[in-house]
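See below for the structure under consideration.
Only the coordinates and a few stated rules stand behind these numbers; no lab work does. Here the structure is a predicted model, which is why all the values come from computation and not from measurement. Quick reminder, even Gly has a Cβ in these numbers, built from the backbone with ideal geometry, and neighbours come from all protein chains shown.
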């Protein structure tokens, strides 16, 4: 951990040293906003400070991720403004944002808010600016839910029947600890080309860093990690694609409405189904709803990105 932290500091200092004498340059124009080389440096600092999975990337990869991160943030923010007025003053006081930040900092290993804020200050990161990023994500998720909630169809009867069968027979099911890389491809040739590019990247730098570089999913910030998922929580198509994989292997491309997925098996085990049926039912329905909304989020973002004015200088 200390080694990674030192490596991050070295990378950042090298970047700063190489750019101190440079004047501020406009790199992108996104709709009515601009991204400068200074913005990229700040975003790199934000990303490497809060994501240990970025510690092994080189300067070019870090810059590419920072550019992509800022472009996504601006496009999402501009799309949100079409539907809501973003009042940061009020939003930053929101208890919901505080809960999101709390979960985030605890996931990073910071037990107290003060320790987290002190760490951010030591890295030159403004706490309120960090919270604004979470405000945008929260409003984006709210927008996706409001736009697509009437299109979410969950077969609760099927889930109920499957749960009854598992509980009745006291069966064991497979549980997988997964990581993902989600990407887009317009046609078969494009998918094959991108798959080969990602596969080569995985062989060189590992799945985690490849996810950070190539995945369009929000899980890319965590190296693609999505945690433990039981076989009855995933679509049959997904289960069939991964059920015979060994630990450490990853799947062939799985085509879904939200993009093309590569899934890596970090671990797997058999679990006995001895559960509170109502709680398990609620959990499965919630998971399926979130999965569908995530697919809609990717689809809607791609539409917004295609409509956005993006100019590279």
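Some values worked out for this structure:
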read-out: Point-to-point label distance, residue 277-residue 237, nm (Cα→Cβ direction, 7 Å offset); value: 3.1
read-out: By average C-beta atoms within 10 angstrom, highest first, the peptides 138-145, 173-180, 24-31, 302-309; value: 173-180, 138-145, 24-31, 302-309
read-out: From the C-alpha gyration tensor of region 55-147, square roots of 5λ in Å; value: 23, 20, 12
read-out: Where N is the number of residues in region 136-235, Cα Rg divided by 2.2 N^0.38 Å; value: 1.41
read-out: Within region 251-268: backbone nitrogen closer than 14 Å to the residue 191 label point (7 Å, Cα to C-beta); value: 252-263
read-out: Modelled FRET efficiency - R0 30 Å, residue 123 with residue 89, Cβ distances, 0.05 increments; value: 0.75
read-out: D (Stokes-Einstein, µm²/s), Kirkwood Cα radius, the chain, 1.306 mPa s at 10 °C; value: 74
read-out: Sorted peptide list for 148-157, 58-67, 258-267, criterion being average Cβ within 10 angstrom, highest first; value: 258-267, 58-67, 148-157
read-out: Virtual spin-label span in nm between residue 82 and residue 158, 7 Å along Cα→Cβ; value: 3.1
read-out: Region 162-313, Cα convex hull volume normalised per residue, Å³; value: 127
read-out: Nearest-0.05 FRET efficiency for residue 168 and residue 200, computed from C-beta distance (R0 51 Å); value: 0.60
read-out: Packing-based order for 285-295, 212-222, using average beta carbon neighbours within 10 Å, highest first; value: 212-222, 285-295
read-out: Linear extension gain, residue 312 paired with residue 113, 0.36 nm per residue minus alpha-carbon span; value: 67.8 nm
